[in-house]
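Shown next, in structure tokens, is the structure this report addresses.
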Number of protein chains: 2
Amino acid sequence: MYRSHSCGELRASDIKKEVTLSGWVQKTRDKGFMIWVDLRDRYGITQLIFDEERTPAPVVKKAKTLGREFVIQVKGSVIERESKNQNIPTGEIEILVNELTILNESIVPPIIIEDQTDDGEDIRMKYRYLDIRRNPVKNSLIFRHQVGMQVRNYLSNEGFIEVETPYLIKSTPEGARDFIVPSRMNEGQFYALPQSPQTFKQLLMVGGMDKYFQIVKCFRDEDLRADRQPEFTQIDCEMAFVEQEDILNIFEGLTRYLLSEIKGVNIGDFPRMTYEEAMRTYGNDKPDIRFGMKFGELNDITQHKEFNVFNTAELVVGIAVPGGASYTRKEIDKLIDWVKRPQVGALGMVYVKCNEDGTYKSSVDKFYDQDDLAKWAEATGAKAGDLICVLSGSTNKVRAQLSALRMELAERLELRNPEEFAPLWVVDFPLLEWDEETERYHAMHHPFTSPKPEDIALLDTKPGDVRANAYDLVLNGNEIGGGSIRIHNKETQALMFNHLGFTPEEARAQFGFLMDAFQYGAPPHGGIAFGFDRLVAILGGQETIRDFIAFPKNNSGRDIMIDAPSNIDNEQLKELNIKLDL
Amino acid sequence: MYRSHSCGELRASDIKKEVTLSGWVQKTRDKGFMIWVDLRDRYGITQLIFDEERTPAPVVKKAKTLGREFVIQVKGSVIERESKNQNIPTGEIEILVNELTILNESIVPPIIIEDQTDDGEDIRMKYRYLDIRRNPVKNSLIFRHQVGMQVRNYLSNEGFIEVETPYLIKSTPEGARDFIVPSRMNEGQFYALPQSPQTFKQLLMVGGMDKYFQIVKCFRDEDLRADRQPEFTQIDCEMAFVEQEDILNIFEGLTRYLLSEIKGVNIGDFPRMTYEEAMRTYGNDKPDIRFGMKFGELNDITQHKEFNVFNTAELVVGIAVPGGASYTRKEIDKLIDWVKRPQVGALGMVYVKCNEDGTYKSSVDKFYDQDDLAKWAEATGAKAGDLICVLSGSTNKVRAQLSALRMELAERLELRNPEEFAPLWVVDFPLLEWDEETERYHAMHHPFTSPKPEDIALLDTKPGDVRANAYDLVLNGNEIGGGSIRIHNKETQALMFNHLGFTPEEARAQFGFLMDAFQYGAPPHGGIAFGFDRLVAILGGQETIRDFIAFPKNNSGRDIMIDAPSNIDNEQLKELNIKLDL
């Protein structure tokens, strides 16, 4: 037996016990006649003492050879510590060692095993097995496990069945790029890895499974934006015989349960907002509502003067920055530079200082008088002491720009408290969105999303105005879940494929099995999927997912620890009936 | 709201309630003035009644159009049933319908949605979404979920952390064939899908995670024997600072917990047997010990006479078939034919009838007298009334043949009761096994398995005799789990790779990251993996896994429901820098 106790459990009440501990050498202090070693394992740190008077001489000698990250086993007795350490739970005791076994040595580790690190991302990833020894990473992985257990317990108690859907499925060119897998047994053919189990969960509903969930890996071969992974984990859910309201209630319940169990935060009914309102009020379909700075649309009260920039703009819109009236000219210029960066892309910014004395000072005083500016203040909710920032241009672009500014200012003003949780349902998403590149409509959610019945007539005339029974759950400005009520009859599905530009033959080849299934009594159904990596990160008070994934890939999709992907023997390719085409 | 209750929950105590139900039409009986419909959902069946006198006429008319598997919603009142059905929990009531909505129609389903089916495997798989509506399949999937939840709860309570390891990893030619995935972003390179998370779980141990588990999909591109799947699920576990004994205890605990919680079967300490003993006693490393028919080796007591077949045989071995003395000559001839089938491959079979009067009658009376045969009976444990079956030949072959005969006879004698559970640890597996084809030793478990320290010296002289710290958990003649204590230092691992025929360069290219990791304080560790599909099937009282998998593939690795794998656009291949090579 390698240990009688972990390195995190001995207390004053254990004094005089004979114990065996195993773990890693965190650090050693050698005073010559006395050596202290901090012994670390997953559960904590326990101090060992080797003492010339009380420890056998060969053991002391061996202790002097110990280096950082050596793996050792010690036997000894628990004694009271002279200078207690109140910072760790084992701080009242230490182990007077009388036997020491070196289980494995360590060369000098390339990263520091401490909570704080300034080691770079690359070296941490290359030696991820050492990085995981650090408490922040280790605890993030343990936290992820705990969230997963709570999700499963909640859904299972609600009658959901976790069903494993296949990973080797069929490629569908719609949506993001698939990863594909050549089949050796079926020459010239390929499997695809699932971007999500979407069609399978719908087939489970056709199969009467009623309530399904799965915590499941999904795959997308996309150029990786920051903080995206080619493989990611989803809490995938589907229910039959439900309307949108039923789904929102169940998964609001799940989220409330997680916030309560894991964070001790109790939240009542989640607010709801239509997509249209979210875009108008926050310029964004996943608004962070922990703070205000709501958009005020200013077209009516700005477009009657000689200021041509506004007069020709599709949208003139502003936000009030709390306390911003005190910004210096230089600070405001920097803000203007910030919105003009290519990543944001505004052409300029108009501002109004709301002075403490009730007067206004704007960058467009030439065109607007105090009465005009008072109306702007009213529309943006600006108070004395605030700064109104106004952008103008085409609606979609200017909303995105002002939303970016709003989030940036919130960061600077520290309005985004990671320990505050503000969930929000955004509902009534558009069914279709126009793609500039291909010049056709794409499904905003996916091709299985049901249009609102009252909007179906618009499909032919104003496709962009058709609303879907689709919803997102937003938490602190992050989309953590999204779903929809699905189409469940063959005709509507065919209509939808048609509007998405599929020929009947293409629809048949790719989704024939689903349309067939709809002929045999498909129930009304709908579902949702949560991004598990992100959900865990946000619950953990962070916004980057990487430390909540044990072995993440870098932005080129490489695992630099194992050095994958890698080259493959020609023989192996031959067997799969493929060859390189570089 | 589609329903106020499920189709499985209404009882006599609900009589007079107004309810809304939704589900599938299981069957209809139309008596003209009265129509009964069995309405089915995941939770059960409720009888609906449409009655000319009490139901609105248009509703009755609509009810007459209902076909099998139509999806409907009804509103009505719960009334007492005249002729009660004691076979179903809702059998005391029925619903007097006053509103009927057809939610979706169904064309005639190609398979029958009943518990018993004689529909073929192919059609059931093509319409798996209908097959899942059948209780046996639906309940198997629900059962699988329940086992999964119990496994997670047990391991989590024992301090294990579920960590998700990556699916896009690196191909290693050792072991079975990998499925590979071309990388678009890393030209000419490929990921592989994991055959198991073996190296990652070892790296988690190096990372101090201490106790890891994962219920995880694994992938092997092998020619599929019956009841194997290219993707399968594993309960994958690893622990640090453990010896074999610690691992056996924890996972014996898990298995005992599952048997108790799920089957209500309480089992004490699991018996243990060495690999050598299992092979000698049962001719098999996964013996079914629910019944006897142990092997009796007969070399010493058969090889002193003129019977050349035995005299030249490496092994002469027999089993006693309970009650087999009553077999007719014809029945015995059929048994002999059975062992001579190519799948078994024996050249013949010698038999001895142990008559009720204490005399013996054998097929080799010319060579052996009553005293000889009495010794055979003693060695095989045969009693009066039994039949001794004796095979001879080279040890490995004859053991496999007699083991096959033993299992076949147990089936015929109905000794394999699916509700009886007989777990067994088989320990001390050989480290290496000789591969006839490549004429070299392969790792019997995998290259990371630790040899028994006392046997390491034999690696150079008698590699086949080296035993490993490797163990299998056997349940009712099926290997349900297997694992080992791992190598945790670089030198032993290098030695092992060398003995497996890796050059240092090959070992470095494939497993360099693991050998590197061993330099930085790798703790002693070991683990086990359970075949989850098989475990669930056996706990469910079955030996085929297919109905415990929602969407299985056929023996050609095809999903015939979605018709995968399938062809891929040349453009998509081009983007991945590969082309077909047929």
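The values are calculated or read from the model by the stated rules, or taken from the named source; none is laboratory data. Note that this is a predicted model, so its numbers are computed, not measured. Please note: Cβ atoms are built from the backbone with ideal geometry, for glycine as well, and neighbour counts cover all protein chains shown. Keep in mind that these areas ignore ligands, DNA and RNA; they rest on the heavy atoms of the full protein, side chains included. Shrake-Rupley method; radii C 1.70, N 1.55, O 1.52, S 1.80 Å.
A few remarks follow.
- Bins of 10 Å from zero: percent of alpha-carbon pairs in the stretch A:248-299: 22, 38, 31, 8, 2
- Each other residue within a Cβ distance under 10 Å of B:LYS286 adds +1 if Lys or Arg and -1 if Asp or Glu, for a net charge of -4.
- Over the stretch B:96-162: Kirkwood hydrodynamic radius from C-alpha pairwise inverse distances, Å: 15.3 Å
- Here's how it looks for A:TYR441: its modeled amide H is under 5 Å from those of A:ASP435, which are all 5 or more places away or on a different chain.
- Applied to the stretch A:299-315, the Karplus parametrisation 6.51 cos²θ - 1.76 cosθ + 1.60 on θ = phi - 60° returns per-residue 3J(HN,Hα) values of 3, 4, 9, 10, 9, 10, 10, 8, 7, 5, 3, 6, 4, 9, 8, 5, 9 Hz, with x for Gly and Pro.
- The stretch B:15-20 - phi-based ³J(HN,Hα) in whole Hz, Karplus 6.51/-1.76/1.60, Gly and Pro as x: 4, 5, 6, 8, 10, 10
- Convex hull of the stretch A:12-104 built on C-alpha atoms - directionally averaged projected area, nm²: 5.5 nm²
- Spacing of the modelled spin labels on A:ASN355 and B:GLU53, each 7 Å from Cα toward Cβ, amounts to 9.1 nm.
- B:ASN417-B:ILE456 FRET efficiency (beta carbon distance; Förster radius 56 Å; 0.05 resolution): 0.85
- Charge dipole (the stretch A:390-467, unit charges on Cβ, about Cα centre) - positive-most of A:SER392, A:PHE421, A:PHE448: A:SER392
- These residues, B:THR359, A:THR302, go from largest to smallest accessible area, 1.4 Å probe, as B:THR359, A:THR302.
- Rule-of-thumb Rg ratio for chain B [Cα; 2.2 N^0.38 Å; N residues]: 1.22
- The calculated FRET efficiency for the pair A:THR274 and B:TRP434, based on their C-beta separation and a Förster distance of 51 Å, comes to about 0.15.
- Considering helices alone, the calculated mean residue ellipticity of the protein assembly as shown at 222 nm is -8500 deg cm²/dmol, with DSSP H runs of length four and up weighted by -39500 (n - 2.57) and normalised per residue.
- Total buried accessible area between B and A, probe 1.4 Å, nearest 100: 11300 Å².
- Legend: residues A:ASP369, A:ASP41, B:ASP547, sorted from most to least accessible area (1.4 Å probe; ligands, DNA and RNA excluded), read A:ASP369, B:ASP547, A:ASP41.
- Sequence-distant residues sharing a close amide H with A:GLY481 (under 5 Å, placed H): A:LEU473, A:GLY531
- Helices meeting the span-like rule in chain A (full DSSP H runs, Cα extent of at least 24 Å along the helix axis, mean Kyte-Doolittle score of -0.5 or higher): A:244-263.
- Residue order for B:ASP131, A:ASP269 - accessible surface, 1.4 angstrom probe, largest first: A:ASP269, B:ASP131
- Taking 0.36 nm per residue of separation and subtracting the Cα-Cα distance, full extension of the segment from B:THR328 to B:ASN98 would add 76.0 nm.
- Local net charge near A:GLU52, Cβ-Cβ under 15 Å (Lys/Arg +1, Asp/Glu -1): +3
- Accessible area of B:LYS84 in the full protein assembly, 1.4 Å probe (Å², nearest 10): 80 Å²
- Unit charges at the beta carbon, dipole of the stretch B:278-320: most positive-side option, B:LEU315, B:LEU298, B:THR281: B:THR281
- For A:ASP581, distant residues with modelled amide H under 5 Å away: B:ILE578, B:LYS579
- Zone residues, the stretch A:531-564, relative to A:LYS263, backbone N less than 16 Å from point 7 Å out along Cα-to-Cβ: A:531-545
- Descending principal axes extents, the stretch B:390-464, alpha-carbon based, whole Å: 47, 30, 21
- Number of partner chain Cβ atoms within 10 Å, mean per residue of B:192-205: 3
- Label-to-label distance for A:LEU347 and A:ASN249 is 5.1 nm, based on points extended 7 Å past Cα in the beta-carbon direction.
- Rounded to the nearest 20 debye, dipole of the protein assembly as shown from Cβ charges on Lys, Arg, Asp, Glu: 800 debye
- Charged-residue dipole, Cβ positions (Lys, Arg, Asp, Glu), chain A about Cα centre, Debye nearest 20: 1780 debye
- Legend: Rg and Dmax of the stretch A:291-415, from Cα coordinates, 13.1, 38 Å.
- About the Cα centre, charge dipole magnitude for the stretch B:12-104 (Lys/Arg +1, Asp/Glu -1 at Cβ), debye: 240 debye
- When the convex hull of its Cα atoms is projected in every direction, mean area for the protein assembly as shown (nm²): 59.4 nm²
- 3J(HN,Hα) along the stretch A:64-78, derived from phi through the Karplus expression 6.51 cos²θ - 1.76 cosθ + 1.60 where θ = phi - 60°, amounts to 5, 8, 5, x, 4, 6, 4, 9, 10, 10, 10, 10, x, 10, 7 Hz, with x in place of Gly and Pro.
- If the chain linking A:ASP223 and A:ASN554 were pulled fully straight, counting 0.36 nm for each residue of separation and taking away their Cα-Cα distance, it would gain 118.0 nm.
- Since only B:VAL78, B:ASN104, B:ALA12 are under comparison, the one whose Cα sits farthest along the positive direction of the charge dipole of the stretch B:12-104, derived from C-beta charges on Lys, Arg, Asp and Glu, is B:ASN104.
- Counting 0.36 nm for each residue step from B:LYS490 to B:MET1 and taking away their Cα separation leaves a gain of 169.7 nm.
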